[in-house]
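Have a look at the structure below before the remarks.
The values are calculated or read from the model by the stated rules, or taken from the named source; none is laboratory data. Only a predicted model underlies this, so the values are computations on that prediction, with no experimental measurement involved. Cβ atoms come from the backbone with ideal geometry, glycine included; neighbour counts cover every protein chain shown. Just so you know, the surface numbers come from the protein's heavy atoms only, side chains and all, with ligands and any DNA or RNA stripped out. Shrake-Rupley method; radii C 1.70, N 1.55, O 1.52, S 1.80 Å.
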Amino acid sequence: MSHHQAGTFPTAPGPQCAFPGCTRPPAPKDPAQPGRPAKYCDDPAHHRVAAFREKERRERQAAAEATAAAVGRLESARTVTAEAGASVIELVRRLEDEIRRLLDEAARSAVRIEELEQEVARLTLSGRGNRP
Ligand SMILES: [Zn+2]
């Protein structure tokens, strides 16, 4: 004795049950009853209060899903930021090592230049001194 007649309705465009997600046509109006035509199908669970609750439930679910998606994006942004930060720290460390190495090399070169200049000066002086 169910009012359900699933599958017996064609999915042709036309008025649909006002219950969220229901595509069945509204229950036919009893011409003997006064009032407007039915907004809901003949499913007894599809009525104004249930439709309002279902709409609210769907809105809460959509909001929860949107929040979860935003949290997911935030977490992946944090991961990317943390990874970028770690890369920058590693790069700075390598640059510090390289700068230290180059400074050491420059210092050693400066010492060598000084030694060579002194040697040139000494040879120049002794060369002059040896001249007749
Ligand atoms: Zn319905």
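In table form, for the structure just shown:
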item: Filter pass, R58 being out of contact with any Pro (no Cβ under 9 Å at 6 or more places or on another chain) and open to solvent by 90 Å² or more (accessible area, probe 1.4 Å); result: no
item: S76 vs. criteria part of a helix (DSSP H, G or I) and modelled with pLDDT of 95 or more; result: yes
item: Candidate set: the range 36-55, residues that are surrounded by 14 or more Cβ atoms within 10 Å (Cβ to Cβ) and of a type in the set (A, V, I, L, M, F, W, C); chosen: the one nearest to P26 (Cα to Cα); result: C41
item: Residue identified as without any contact (Cβ under 8 Å) to a residue 40 or more places away in the chain, within 29 Å of the chain's Cα centre (by Cα) and on the phi < 0 side of the Ramachandran plot among V111, V49, V71, V120; result: V71
